[in-house]
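To keep things clear, I will list the structure first and then write my remarks on it.
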Amino acid sequence: MFARVDKTRMIAQSEALPGRAVAIKTAPTHAVNGAPIYPPFPAGVEEAVFGMGCFWGAERKFWQAPGVVSTAVGYAGGYTPNPTYEEVCSGRTGHTEVVRMWFDPAKVSYGSLLKLFFENHDPTQGMRQGGDVGTQYRSAIYTTTPAQAEQAAAARDAYAASLAKAGFGAITTELCSAPAFYYAEDYHQQYLHKNPNGYCGLGGTGVACTIGVGVPS
């Protein structure tokens, strides 16, 4: 169905699958807490987007965090509009698997979410997480405000120093303004709630992330 590509190499836009104009349909509400998974959200609620390998375990980590209002999983950082999971897995969309979340900054800081992000995967592995190999598993922080961008860069640099002391290589996390987000199929949403014994590849380095100078905790 798909031409073979090196899944560890980011494709060029000219190589991307065409995708489709119609968005993939999902349930409108969160299977765990009943919150909407589509905006708009109330004033004061902020959005964050993280990629840290397979999005099943990553989403559960964030929906369990106090102050996170809602979560959804999907695809971002690539070229193909409204891709299917199979297309993303082919390596021909350029997307990585991400968790999109909305949080109340009065109850949880963005710095705390960054700490969860860095400590629960290995951000030095490039186009993989553990045994999950391919561009869809790359580490990514997609920021939605200038303040997030500043905090994320400071946290990344501080954590890089801690990782280096522990013998790890350079951080490969992609850091940029949030690109288009495409919702994953409904069965992926809150997958580990629907399938409690399902696969979770989430795992960190064991190195604590101390939020850097100028980054609120």
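Residue by residue through segment 148-187, note down the ones that are of a type in the set (Asp, Glu) and either within 27 Å of Tyr199 (Cβ to Cβ) or touching a residue at least 60 places away in the same chain (Cβ under 8 Å) (or both).
Within segment 148-187, Glu150, Glu174, Glu185, Asp186 qualify.
Residue under question is Leu192, and the condition is that it be in a helix (DSSP H, G or I) and touching a Lys or Arg at 6+ places or on another chain (Cβ under 7 Å); does it hold?
When the stated conditions are applied, Leu192 passes them.
Quick one: is Pro28 farther than 21 Å from Leu175 by Cα, touching a Ser or Thr at 6+ places or on another chain (Cβ under 9 Å) and either surrounded by 20 or more Cβ atoms within 10 Å (Cβ to Cβ) or not β-branched (Val, Ile, Thr) (or both)?
Judged against the criteria, Pro28 is not a match.
Is segment 69-85 home to any residue that is surrounded by 20 or more Cβ atoms within 10 Å (Cβ to Cβ), β-branched (Val, Ile, Thr), at pLDDT 95 or above and within 15 Å of the chain's Cα centre (by Cα)?
Scanning segment 69-85 turns up at least one residue that is surrounded by 20 or more Cβ atoms within 10 Å (Cβ to Cβ), β-branched (Val, Ile, Thr), at pLDDT 95 or above and within 15 Å of the chain's Cα centre (by Cα).
Identify the single condition in (1) more than 24 Å from Thr173 (Cβ to Cβ); (2) touching a Leu at 6+ places or on another chain (Cβ under 6 Å) that Arg92 does not satisfy, given that it satisfies every other one.
(1)
Mind listing whichever residues of segment 141-155 are crowded, with 21+ Cβ neighbours inside 10 Å and part of a helix (DSSP H, G or I)?
Across segment 141-155, the qualifying residues are Gln148, Gln151, Ala152, Ala155.
Are any residues in segment 54-76 in contact with a strand residue (DSSP E or B) (Cβ under 6 Å, 6 or more places away or on another chain) and over 15 Å from Ala140 (Cβ atoms), and if so, which ones?
Trp63, Gly67, Val68, Val69, Ser70, Thr71, Ala72
The values are calculated or read from the model by the stated rules, or taken from the named source; none is laboratory data. What you see is a predicted model; the values in this text were computed from it and never measured. Virtual Cβ from ideal backbone geometry, glycine too; neighbours counted across all protein chains shown.
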